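Note sheet for the following structure.
Just so you know, all these numbers are worked out from the coordinates, no wet-lab data involved. Just so it is clear, the structure is predicted and the values come from calculations on it, not from any experiment. Every residue, glycine as well, gets a Cβ built from its backbone with ideal geometry; the counts of neighbours run over all protein chains shown.
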């Protein structure tokens, strides 16, 4: 019997896959943000939040299937992912607002905000959202 505490899904493989999936989702978010700002004149924060929400759908599906190889039902993982993403969106919004208010251009401000959200999302998704069922 293994008596070591479980680290959930935290591994080099899951981290590497999470970074690839996250890179795709982040690129999607940034593209949507840029298009909304350039073509529709949407303010940076609203454009970022819209891109974040749309990219979250792709992020969920790819992380469930590829990153964490979840065996849990979507009924179990999707609400947890939604909570994690919503809190990540809050972190993104707070950091982006603070950095822009401090005078940073929206592009580097968004990159720094993304770094904070990345750490949050990987940890919570690995240990809670897609946690392997206890056997």
Original post:
Among 98, 15, 39, which one moves the most in a GNM of the chain with springs linking Cα atoms closer than 10 Å?
Top reply: 39
Original post:
Exposure proxy check: 73, 97 ranked by fewest other beta carbons within 10 Å?
Top reply: 73, 97
**OP:** With everything on Cα atoms, drop me the angle between helix 44-62 and the longest principal axis of the chain, reported from 0 to 90° to the nearest 10.
**Re:** 20
Original post:
So what is the relative contact order for the chain, in percent, with contacts set as C-alpha pairs under 8 Å and at least six apart?
Top reply: 33
Original post:
Taking the Cβ-Cβ separation of residue 134 and residue 91 as r and a Förster radius of 25 Å, what is the calculated FRET efficiency to the nearest 0.05?
Top reply: 0.30
**OP:** Please arrange 24, 18, 52 by counting, for each residue, the other beta carbons lying within 10 Å of its beta carbon, fewest first.
**Re:** 24, 18, 52
Original post:
Could you give the alpha-carbon Rg of the chain over 2.2 N^0.38 Å, rounded to two decimals?
Top reply: 1.13
